[in-house]
Amino acid sequence: MHSVKALVINTSPLLALFAALDDLTVLKPLFACVIVPFEVAEELRKGGRFGFGVERFEAESWLEKRETATTLSPFMVEMLDPGEAAVISLALAEGIANVCIDDLKGRRLARLAGLRLVGSLGLLLAAKQAGATIRLRDAVDRMRQRNIWLSESLVRNVLTQAGE
């Protein structure tokens, strides 16, 4: 079992962070371990939805990239895409409290499962609050340039919390 400072992360947040910062090192001070389920790694390696980030992902050797498929319940497979289903299933199976999912349906199911949920903007805000030198407004602009969809109200809320 991992510590409560572990995080299981989905494809979309990984791509969003690559778009925003071009790497994932902001996660290191926030979590003792960042776990990428096999299904997420495979989705990302195939180019994900946006076709970028593969080389950066492979270069991030400190990530715990799972090499075997996650056991998924039929319910999860029916309700979610394989990456989100794997994130929630892996977290529940291994007693990991923290998950990072951006998709609304995945977020709802993670909450129903009692998991602590954060999205890509939440990770950026937490990193900034922990001392990372991030200008969130610029990160949001870079995410949008890479076709990462962000709700206007969420962006306003995060920028307000960040003092931007």
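Rounded if a/c is under 1.5, else prolate if a/b is larger than b/c, else oblate: which is the range 82-142, with a ≥ b ≥ c the root eigenvalues of its Cα gyration tensor? The shape class here is prolate. Positive contributions from Lys and Arg (+1) and negative ones from Asp and Glu (-1), summed over other residues with Cβ under 15 Å from the Cβ of Leu7, come out at +1. Have a look at Ala162, Ile101, Ser120 and report the one farthest towards the positive end of the charge dipole of the chain, computed about the Cα centre with Cβ charges (Lys/Arg +1, Asp/Glu -1). Towards the positive end, the residue furthest out is Ala162. Summing Lys and Arg as +1 and Asp and Glu as -1 over all other residues whose Cβ lies under 13 Å from the Cβ of Phe38 gives a net charge of -1.
For the range 6-161, the relative contact order works out to 29 percent when only alpha carbon pairs closer than 8 Å and six or more residues apart are counted. Rounded to 0.05, the FRET efficiency of the Glu58 and Arg116 pair, given R0 = 25 Å and the Cβ-Cβ distance, is 0.35. When only alpha carbons of the range 1-159 are considered, Rg and Dmax amount to 14.5, 42 Å.
Of all the options Gly83, Gly47, Gly106, the one that moves most in a Gaussian network model of the chain with Cα springs shorter than 10 angstrom is Gly47. Near Ala130: Cβ cut-off under 14 Å, other residues only, Lys/Arg at +1 and Asp/Glu at -1. The net charge is +3. With 21 Å as the limit, the listed pairs Lys5/Lys65; Lys65/Lys128; Lys105/Lys128 have Lys65/Lys128; Lys105/Lys128 beyond it between alpha carbons.
Residues Leu17, Leu136, ranked from the fewest to the most other C-beta atoms within 10 Å, line up as Leu136, Leu17.
No value in this document is a laboratory result; all are computed from the given coordinates. Just so it is clear, the structure is predicted and the values come from calculations on it, not from any experiment. Cβ sites come from the backbone with ideal geometry, for glycine too, and all protein chains shown count toward neighbours.
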